[in-house]
Amino acid sequence: MADITMCRGDDCPLKNNCHRYTANASEYRQSYFVDPPYVDDECDYFWGIENSTVMKSLNDIFKER
């Protein structure tokens with residue numbers, strides 16, 4: 001079970017590289033975004049599958065603080 005808010009992907013071009021779309025959903029209890037968060041060629045909730053993407057996101061978060 002993925003203990004995250006997942007995304008259905010809809011028309012998102014990033015979905016195949018995003019953990020929120022590719023993770024295995026729980027059959028019984030799984031939360032999903034009501035609307036996909038992909039807007040204007042960006043997704044603030046993109047969770048890249050590769051470690052380098054995760055590290056870049058973490059660095060961006062800490063730079064903002």
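The values are calculated or read from the model by the stated rules, or taken from the named source; none is laboratory data. The model shown is predicted, which means the values in this text are computed figures rather than measured ones. As a convention, Cβ positions derive from the backbone with ideal geometry for all residues, glycine included, and neighbour counts pool all protein chains shown. Just so you know, the surface numbers come from the protein's heavy atoms only, side chains and all, with ligands and any DNA or RNA stripped out. Shrake-Rupley method; radii C 1.70, N 1.55, O 1.52, S 1.80 Å.
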Can we say residue 28 is at pLDDT 85 or above, of a type in the set (Phe, Trp, Tyr) and exposed (fewer than 15 other Cβ atoms within 10 Å of the Cβ)?
yes
Residues in the range 22-44: is at least one basic (Lys, Arg) and closer than 15 Å to residue 57 by Cβ?
no
If you scan the range 2-16, which residues turn out to be modelled with pLDDT of 90 or more and either open to solvent by 100 Å² or more (accessible area, probe 1.4 Å) or of a type in the set (S, T, N, Q) (or both)?
5, 8, 16
